[in-house]
1. Grab the Cα-Cα distance for B:K324 and B:E236, subtract it from 0.36 nm times how many residues apart they are, and report the gain in nm with one decimal.
2. Just to be sure I understand: if you take the accessible area of chain B alone plus chain A alone and subtract the pair, with a 1.4 Å probe, what total do you get in Å², rounded to 100?
3. Have a look at B:R20, B:R90, B:R154 and tell me which one the Gaussian network model of chain B (Cα, springs below 10 Å) gives the largest fluctuation.
4. Where nothing but the Cβ of Lys and Arg (+1) and of Asp and Glu (-1) is charged, how large is the charge dipole of chain B around its Cα centre, in debye to the nearest 20?
5. Using packing as a proxy for protection, rank A:234-242, A:309-317 so that the peptide with the highest average count of other Cβ atoms within 10 Å comes first.
6. Could you give the alpha-carbon Rg of the protein assembly as shown over 2.2 N^0.38 Å, rounded to two decimals?
7. What is the Å³ per residue value for the convex hull set by the Cα atoms of the range B:163-315?
8. Please list, short to long, the whole-number percent of alpha-carbon pairs of the range B:1-44 in consecutive 5 angstrom bins beginning at zero.
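The values are calculated or read from the model by the stated rules, or taken from the named source; none is laboratory data. Just so we're clear, the structure is a prediction, and the values are computed from it rather than from any experiment. For neighbour counting, all protein chains shown are included, and Cβ atoms are generated from backbone atoms with ideal geometry for every residue, glycine included. For the accessible areas, the whole protein counts, side chains as well, though only heavy atoms, and no ligand, DNA or RNA atoms are used. Shrake-Rupley method; radii C 1.70, N 1.55, O 1.52, S 1.80 Å.
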Number of protein chains: 2
Amino acid sequence: MNNQKENHYIVIMAGGVGTRFWPASRESRPKQFLDILGVGQSLIQTTFDRASKIVPFQNIMVATNEKYKDLVLEHLPKINETNILLEPSRNNTAPCIAYAALKIKSKGNDSVFAVLPSDHVILKEALFVEKMHEAFAFAEQNEALVTLGISPTRPDTGYGYIELDGAAKEGINKVNQFKEKPDLKTAETYVNSGNYLWNAGIFIWSVNSVLSGMTKNANQIIETLSQDLDKLNTPEEQEYINQVYPLTDNISVDYALMENSNNIYTIPADIAWSDLGTWNSLHAYMDKDDAENVIQGTVLLAEECSNSLIRIADDQKAVIKGLKDMIVVLDDGVLVIYPKDKEQEIKQVRNNIKDSRIL
Amino acid sequence: MNNQKENHYIVIMAGGVGTRFWPASRESRPKQFLDILGVGQSLIQTTFDRASKIVPFQNIMVATNEKYKDLVLEHLPKINETNILLEPSRNNTAPCIAYAALKIKSKGNDSVFAVLPSDHVILKEALFVEKMHEAFAFAEQNEALVTLGISPTRPDTGYGYIELDGAAKEGINKVNQFKEKPDLKTAETYVNSGNYLWNAGIFIWSVNSVLSGMTKNANQIIETLSQDLDKLNTPEEQEYINQVYPLTDNISVDYALMENSNNIYTIPADIAWSDLGTWNSLHAYMDKDDAENVIQGTVLLAEECSNSLIRIADDQKAVIKGLKDMIVVLDDGVLVIYPKDKEQEIKQVRNNIKDSRIL
C-alpha cells in the first residue's frame, strides 16, 4: 500500500460483451461479469481487486456501457458511483480512454493512469503489481505511452504483437511498432525472432502524454469531448457526455494512437496472462484432469471424455459420456455442443440467431 | 361408436415411472405423462383417446400410484374421478388388475375389460380398434384370457414372446405358452420359426375369467382384496384399498396368471406398436432426417450430426455440431449426453444419483 499514490488512477475497460463466450455471455450479462474461471468471483471483481493493490481504490474507475451500470455496482460494491464512466454509445476504445483522461485531468494536472481490460486473467499478481509500479514511475517522468508486453509462448493469431528493435530486455524497452493480429506464418516468424511481445491491452501513461498524443492523432475525439470540460466531475457530467460522446469517431486506441506514435515503450511482464478470448483459451488456461478435460459445474458423471471443456451452469446438472475434443456449455436456457477445433464458428452461429432473448 | 358396449371397460395401467427415459421422466412426472413423441399430447392422453374409440369414455379407468392422481386429472380432464384407481403401494401388475376386476365386477357381473399400458404407441389405430373389438367379442363369449400379439420385426431381447403351436393365423389363435425376455440367440430362433409373437401387455378378458384364473393361481391377492367387497364403488373404497392393497403379493400378471393358464388366446395385430421402452426404441420408432437423427425441441443448429437422438425441453434451446451415435436429452435442469450403444447404462447412472430432486 505504501507506494500507492494519490495521483495514480486505473481505468477498467468493461464495455464489451465477449460474444465468443456465448451462451455463457449474453448482451445482458457480458463476459466480465461472469465467473469464467469457476473461482467464485467474476472477472471484473478479480480485476478490481488486482487494481486496488496498485492504486487507492477511490482512484479505480470503470468505463462501461450505460446499460451495465447496475451490474458494475452489484459486482463492485466498494466502487465510488461517480467513478463509473457510462458510455451512451459503443464507440470503441479511443473515445472511452479520451473521456477517462479528460475526467482524470480535471481532478489534477499531474495524474498518471493505467488502462486495464476487465476480462483478462493474470496468475502472477505480485509480479504484475511490481511491473505496474515500474510502468507508473516511468510514465510519470516521461512523455511516454507505456504498455506491458507478454512473452509469446505460442504463435497465437488471436493477439496483437509489439515489435522491438531487438530482443526484449528486463525493464523499459523502446517499441518499434504495434502489429495487428498476424496470420499463422507471420506469427511463427514473430515468435521465433524473439523481438516480439504480445499486446495485452494494458496501457500506462500520464494524462498529459495520452491527451497530447490523441490531440496529434485523433483530434476529432478530443475536440468533441472538450466542448465544455467544466461539466466533468459535476452532476451535469452524464448529461454532457450523453450529448457529445456519441459524436466521437468510432476507433480503437491502437489505431488512433499507438500505431501513429513513436514514444511507445514496453515492459516485458511474464505474469501468466490470458485474454480468455475464447472457450479454447479458457481450456488452455485451466488445470485439466488426466484426460485433458476442464469441467466446471455439477457434472455427476464424465466418463470416456477427453480434451473437452464442459461448463454447466449452477442450476443445472449433467451426465456425460463419450465426448472427445468437444465444448459443452449449458447456461440460462441454451445448450451448445461444438467441436473444439471449430469453436471460432460459434460467434457466427450466435450472430445468425434471431431470438434476442438468448443473445 | 355404435359397437361400444356398456359392459365393456378399459383399464389403463399408469403406475410406472419409466426410469429409462430419465432425465425426461422423473418420479414426479413419469414417462406416460410426457409428450415423448413430440406430438403435443402425452402418451396417456393418446392412450385415453384411443381407448375412447373402443369403450364409452365413462368406462375408461386409470390405475396409478396415489401420488399421480393430480397428474391424471390434469392430463385427462374428461375422466370420471371415481374411475381413477389409486394404488397406495407399488405391488406390480397382478394386484392392480385384480383390484380393477373386482371393482368392475361390483358394477355388473357380465363385464369384460381390457388392460392397456399407458405409455406405448400404436400407429395403426383403426386396425387396433378393430382387433380390440374382436378380442372383446371373443372374451365375452369364452372363458378366455386374450391378448394382442405383435408380429416380431427383429429379434428384440427387450420383449416377452407368445408361443403358438404353429404359424400365426388371422383372428383367434390358441397360445401354447408365454416366454420371458429371451437372449439374442433364442430371440433369433423365435423370430425365424414364425410361431412367436411379441407380448404387448394388452389383455382382454371377462371379469369372471380373470378372477377365476387369479383365484386358481394367485389366490392370496384375491382373498386379500375381497375382505370387504361392499366398500368398492362407495366413498369408503379408497380407505379400504389403502388398508388391504399393500398386503397383496407383489407379482406381475404374467407370472401370477398367464404363465400358469391354459386358456390363453392371442389375436395377431400388426398395429405398428412400440413399447417405447428406451431412448433407442424412440429413435427407432420416429421419422429420421437424412442423417438418421431424431430431433425434438428447439435445436437452432444441428450440423454434422448423425444417428443421434436430440431432445431439448420446451424452455431450452440448443446449438449442436459434430455428434455421432449419441443421445442428448436436456430436461428440467438435467443434461444427459450418452453414446447410443450404451444407453442401457443410463438407468444405473440414474440409480446411483443421490440427489432426489433430479430423479
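1. Details: separation 88, 0.36 × 88 = 31.68 nm, distance 5.59 nm.
Length gained, B:K324 through B:E236: 26.1 nm.
2. Values: alone 15930 and 15950 Å², together 29590 Å².
For chain B against chain A, roughly 2300 Å² becomes buried.
3. B:R154
4. Values: 35 positive and 49 negative charges, 51 e Å.
Result for chain B is approximately 240 debye, rounded to the nearest 20.
5. Numbers: A:234-242: 14.2, A:309-317: 20.0.
In decreasing order of mean packing, A:234-242, A:309-317 become A:309-317, A:234-242.
6. Values: Rg = 35.8 Å, N = 718, 2.2 N^0.38 = 26.8 Å.
The protein assembly as shown yields a ratio of 1.34.
7. Numbers: hull volume 29.9 nm³, N = 153.
Once divided by residue count, the hull of the range B:163-315 is 195 Å³.
8. Distribution as computed: 5, 20, 22, 17, 10, 10, 9, 7, 1 percent.
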